[in-house]
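The values are calculated or read from the model by the stated rules, or taken from the named source; none is laboratory data. Since the model is a prediction, treat every value here as computed from it, not as a measurement. Note that each Cβ is placed from the backbone with ideal geometry, even for glycine, and that neighbours are counted across all protein chains shown.
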Amino acid sequence: MASNLTERLSRLVKTMRGQSRITETNVQDMLREVRMALLEADVALPVVRDFIARVKDKALGQAVVSSLTPGQVLVSIVQKELSATMGEGVADINLAAQPPAVILMAGLQGAGKTTTTAKLAKHLIEKRKKKVLTVSADVYRPAAIEQLKTVTAQAGAEWFPSTPDQKPADIAAAAIDYARRHYFDVLLVDTAGRLAIDEALMAEIKALHAQLNPVETLFVVDAMQGQDAINTAKAFKEALPLTGVVLTKLDGDSRGGAALSVRQITGVPIKFAGVSEKIDGLEVFDAERHAGRVLGMGDIVALVEEVQKGVDMAAAQKLADKVKSGADFDLEDFLAQISQMKNMGGLSGLIDKLPTEIASKAGQADMDKAERDVRRMEGMIRAMTPLERHKPELIKASRKRRIAIGAGVQVQDVNRMLNQFEQMRTMMKKMKGGGLFKMMKRMGGMKGMPGMGGMGR
């Protein structure tokens, strides 16, 4: 959806250049493109109609500020309305209850409930400093309990044991008793899913809800289900007093469609989004930022957060001090930089959050190849002795051959890597004594960066 809508809107913005005001014709053209893109993205028809009506209402007769073009104003209106459709800003999770605060996870089988339960546990431990217990009330799916045990351990939370021969009500009662006695802040209850909605599933989850009286009932839905996600959301909303939605697999191909529909159909906010398969791949959902992503403006804030999360600030400061003091940048420092980048989710994870204009250019270069090259570089540096890493000038022909054999590459690959390292070292030398600032000044700073301006917030 993202790329589709972006392409259509950017084509439209180009055709509208030079026009001084927003007219009925302008708006009609744009709305036709937006409508097609939303329907192709599997957004529910009532949601599309409502959205189009609101945009039309806001856009008609709007004067264009001298610094903007009609295209930019229209994109800005679409972004604001997209944000409003998905919810206003950030909806936080409610933990205001007598401990343990119970959170009930509901949804169909395969939506990613068990993994999301562990991701949420990790989020609550790291971001909210809570003591978290997880329990599985799924006694039907083979290995569901074991799966939760495994992912809970990865998240650093505690798991409460249950067995398939127990009744869900008994499991819930035992877990809440244990959580009270051991002073847990939060109890996460993973429930059974089905391949389709049936009466038995709904009756069971209703009974669990009545027994546990949770502070949050989160509906977990696969963002790639499209129209089916809407029907499921409707059924769960009728059966349970949902408090929030978790969208999983938002890194898949159908970004946005389900996000737009589910929020409007259920009337409850989207609280979290699953953005990768990793245990830390859960983001607090921000409607405004997601709308920016859908429109191809990228999510620079998420990119900055990703960088902050993955970067070891102490190590970065140490390197900065080293460069400042005039000490030489060596292969050990180069290796540290590679490791930092891997911690940030690799190149493709970062590219995804850039504005489409920049990301598409980067995408032309083969990202898989780039990541493969980075891994090979790491292998070559690790095949060196500590002395060679500190003094790269020692690496002559025989040492290069040994390193190449050790890393499973050719000698020319070692030469290429050493050349890249030399370029990096030269750049580091320029940074000493404010050289970077001078370089930026010469380049004209950030003014000429594509994709940074223009699109109104």
**OP:** Consider K361 carefully, then state whether it is surrounded by 12 or more Cβ atoms within 10 Å (Cβ to Cβ) and modelled with pLDDT under 65.
**Re:** yes
Original post:
Mind checking which residues of the range 155-189 are of a type in the set (A, V, I, L, M) and outside any helix (DSSP H, G or I)?
Top reply: A157, V186, L187, L188, V189
**OP:** Within the range 103-120, identify whether any single residue is surrounded by fewer than 18 Cβ atoms within 10 Å (Cβ to Cβ), in contact with a strand residue (DSSP E or B) (Cβ under 9 Å, 6 or more places away or on another chain), at pLDDT 90 or above and not in a loop (DSSP other than H, G, I, E, B), and answer yes or no.
**Re:** no
Original post:
Among the candidates K129, K122, K149, which residue alone is in contact (Cβ under 8 Å) with a residue 24 or more places away in the chain and among the basic types (K, R)?
Top reply: K122
**OP:** Under 6 Å between Cβ atoms, at least 6 apart or on separate chains: pull out the pairs that start in the range 194-214 with a residue that is assigned by TED's automatic domain parsing to the domain that holds M105 and of a type in the set (V, I, T) and end on any residue that is surrounded by 14 or more Cβ atoms within 10 Å (Cβ to Cβ) and in a helix (DSSP H, G or I).
**Re:** I197/A235
Original post:
Can you tell me which of A169, A203, A155, A174 is within 24 Å of G110 (Cβ to Cβ) and surrounded by 14 or more Cβ atoms within 10 Å (Cβ to Cβ)?
Top reply: A155
Original post:
Which condition does I205 not pass, out of (1) among the β-branched types (V, I, T); (2) within 26 Å of R128 (Cα to Cα); (3) within 31 Å of the chain's Cα centre (by Cα), if it passes all the others?
Top reply: (2)
Original post:
Which residues, taken from the range 136-152, are under 13 Å from Q109 (Cα atoms) and acidic (D, E)?
Top reply: D138
Original post:
Out of all the residues in the range 90-102, which are exposed (fewer than 14 other Cβ atoms within 10 Å of the Cβ) and modelled with pLDDT of 80 or more?
Top reply: Q98
Original post:
hydrophobic (A, V, I, L, M, F, W, C), crowded, with 20+ Cβ neighbours inside 10 Å, in the same structural domain as E283 (by TED's automatic domain parsing) and under 26 Å from A233 (Cα atoms): does that describe L133?
Top reply: no
**OP:** Could you list, in sequence order, all residues of the range 399-409 that are surrounded by 13 or more Cβ atoms within 10 Å (Cβ to Cβ) and within 17 Å of R375 (Cβ to Cβ)?
**Re:** I403, A404, G406, A407, V409
Original post:
Could you say which residue among S339, S325, S261 is at pLDDT 65 or above, hydroxyl-bearing (S, T, Y) and within 30 Å of E393 (Cβ to Cβ)?
Top reply: S339
**OP:** Give the residue, chosen from K396, K441, that is modelled with pLDDT under 90, surrounded by fewer than 11 Cβ atoms within 10 Å (Cβ to Cβ) and within 35 Å of the chain's Cα centre (by Cα).
**Re:** K441
**OP:** Kindly indicate the residue of the range 39-67 that is over 28 Å from V262 (Cα atoms) and surrounded by 15 or more Cβ atoms within 10 Å (Cβ to Cβ) and also modelled with the highest pLDDT among those meeting that condition.
**Re:** Q62
Original post:
Out of all the residues in the range 403-438, which are outside any loop (DSSP other than H, G, I, E, B), modelled with pLDDT under 85 and over 34 Å from the mean Cα position of the chain (by Cα)?
Top reply: E422, T426, K429, K430, G435, K438
